[in-house]
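Got a structure here, written out as structure tokens. Questions coming.
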Amino acid sequence: MEKTGTVYLVGAGPGDPELLTLRAVRLLRAARLVVHDGLVDPEILTLAHPHARFVSVAKRRSKHTLPQEEINALLVREALAGRDVVRLKGGDPFIFGRGGEEAEACRAAGVPVEVVPGISAANGAAAAAQIPLTHRDRSSIVSFVAGQCKGLTDQDWTGLAGKGRTLVIYMGVKTAPLIAEKLMADGLAPDVPVAVVENAARADMRVLRAALAGLPELVKRGKVKSPALIIIGDVTAQDDSTLARIATEAHA
Ligand code: SAH
């Protein structure tokens, strides 16, 4: 019988190949089978072994080419056939990456699985746009939430955004108007500063800023496209007058 292969759930980071871990690069160089999703930059795929076989399971909002169960089954089948599999995911496998489901499927089938962390979009965007997610004067709490449609209005976000807090929203481009409405209904001030970071850590990155009330207009007028993150809180403010206001309030 073939020796069972290992499934490596590897974080590919937000785009720039320089942001891969050494472990990710090492695994890619040795890989004979790479199963990747749509968010992985093509340049990163060129790092794989010259004889590597690529399987794209392009996972983008409302464009699932392979249902999750079939991805799980594919990973398990290949490993049981004796092949190591590099399952390459955008950002970090365990932040909105369904890595948990894939790891469970592997464990249930007796397939060894290793998780290699990646730089999540929030960390990549924060660094590239120079928006600190925490700051001694401005924020000591940071939350990551999923802004896609399913159950959005039922999710309890109270207390996640506001004074001294940073809220990072993944997958929120389409639902930006709903999100702004939801947060303001929860009592968040309409003038809380917001930044939208599109294509973070990529050559075509854009950073757009507005106040919370202007978020829907910003996304619409700016023609913001996925992948983008919405960051809400005083850490996103950059112009001097806003920073002066925050500083005054902080020391009041
Ligand atoms: N596991 C990934 C997240 C996958 S969910 C991670 O840890 O980053 C997909 C969402 O991530 C996108 O809708 C977008 O909100 C965000 N995202 C991924 N890459 C991004 C990038 N380069 N710039 C901005 N947002 C990004």
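What number goes with the only condition from (1) surrounded by fewer than 20 Cβ atoms within 10 Å (Cβ to Cβ); (2) modelled with pLDDT of 95 or more; (3) over 22 Å from G124 (Cα atoms) that V35 does not pass?
The one condition V35 does not meet is (1).
Which number in (1) more than 23 Å from A109 (Cβ to Cβ); (2) in contact with a Gly (Cβ under 9 Å, 6 or more places away or on another chain); (3) outside any helix (DSSP H, G or I) marks the one condition that L9 misses?
Against the list (1) more than 23 Å from A109 (Cβ to Cβ); (2) in contact with a Gly (Cβ under 9 Å, 6 or more places away or on another chain); (3) outside any helix (DSSP H, G or I), L9 comes up short only on (1).
Here's a follow-up. Tell me which residues, restricted to region 201-211, are free of Cβ contacts under 8 Å to residues at least 40 places away in the same chain and within 20 Å of P14 (Cβ to Cβ).
Result: A203, D204, R206, L208, R209.
Okay, next question. Mind counting the residues in region 116-158 that are closer than 24 Å to V207 by Cβ, away from the ligand (no atom under 13 Å from the Cβ) and in a loop (DSSP other than H, G, I, E, B)?
Adding up the residues that qualify gives 9.
Please enumerate the residues belonging to region 73-84 that are closer than 24 Å to T46 by Cα and open to solvent by 60 Å² or more (accessible area, probe 1.4 Å).
Answer for region 73-84, where residues must be closer than 24 Å to T46 by Cα and open to solvent by 60 Å² or more (accessible area, probe 1.4 Å): R83, D84.
Still on this structure, I have one more. Sort through R87, R83, R23 and tell me the only one that's in contact (Cβ under 8 Å) with a residue 60 or more places away in the chain, assigned to a loop (DSSP other than H, G, I, E, B), touching a strand residue (DSSP E or B) at 6+ places or on another chain (Cβ under 9 Å) and basic (K, R).
Unique residue meeting the criteria: R83.
Quick grid of which residues meet (1) touching a residue at least 24 places away in the same chain (Cβ under 8 Å); (2) within 21 Å of D92 (Cβ to Cβ); (3) aliphatic (A, V, I, L, M):
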| site | (1), (2), (3) |
| --- | --- |
| I179 | yes, no, yes |
| A185 | no, no, yes |
| L188 | yes, no, yes |
| N199 | yes, yes, no |
| A213 | yes, no, yes |
| E217 | no, no, no |
| V224 | yes, no, yes |
| T236 | yes, no, no |
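Among (1) within 12 Å of the ligand (Cβ to nearest atom); (2) more than 14 Å from T236 (Cβ to Cβ), where does V196 come up short?
Single failed check for V196: (2).
What strands (runs of 3 or more DSSP E), lying completely within region 159-229, carry at least 3 residues that are more than 18 Å from I119 (Cα to Cα), open to solvent by 10 Å² or more (accessible area, probe 1.4 Å) and in the same structural domain as I141 (by TED's automatic domain parsing)?
Filter on region 159-229 gives 206-211.
Looking for whichever is more than 14 Å from the chain's Cα centre (by Cα), within 26 Å of A201 (Cβ to Cβ) and either surrounded by 22 or more Cβ atoms within 10 Å (Cβ to Cβ) or assigned by TED's automatic domain parsing to the domain that holds M205 (or both) here; the options are R87, R23, R29. Which one fits?
The conditions single out R87.
Counting only residues that are touching a residue at least 12 places away in the same chain (Cβ under 8 Å) and part of a helix (DSSP H, G or I), which one in region 90-103 is surrounded by the most Cβ atoms within 10 Å (Cβ to Cβ)?
It comes out as E102.
Regarding region 3-13, can at least one residue be identified that is open to solvent by 60 Å² or more (accessible area, probe 1.4 Å) and over 17 Å from the mean Cα position of the chain (by Cα)?
Yes, the conditions are met somewhere in region 3-13.
The values are calculated or read from the model by the stated rules, or taken from the named source; none is laboratory data. Everything quoted here is computed from the prediction, not taken from an experiment. Positions of Cβ are generated from backbone atoms using ideal geometry, with glycine treated the same way; all protein chains shown enter the neighbour counts. Side chains included, ligands, DNA and RNA excluded: accessible areas come from the protein's heavy atoms. Shrake-Rupley method; radii C 1.70, N 1.55, O 1.52, S 1.80 Å.
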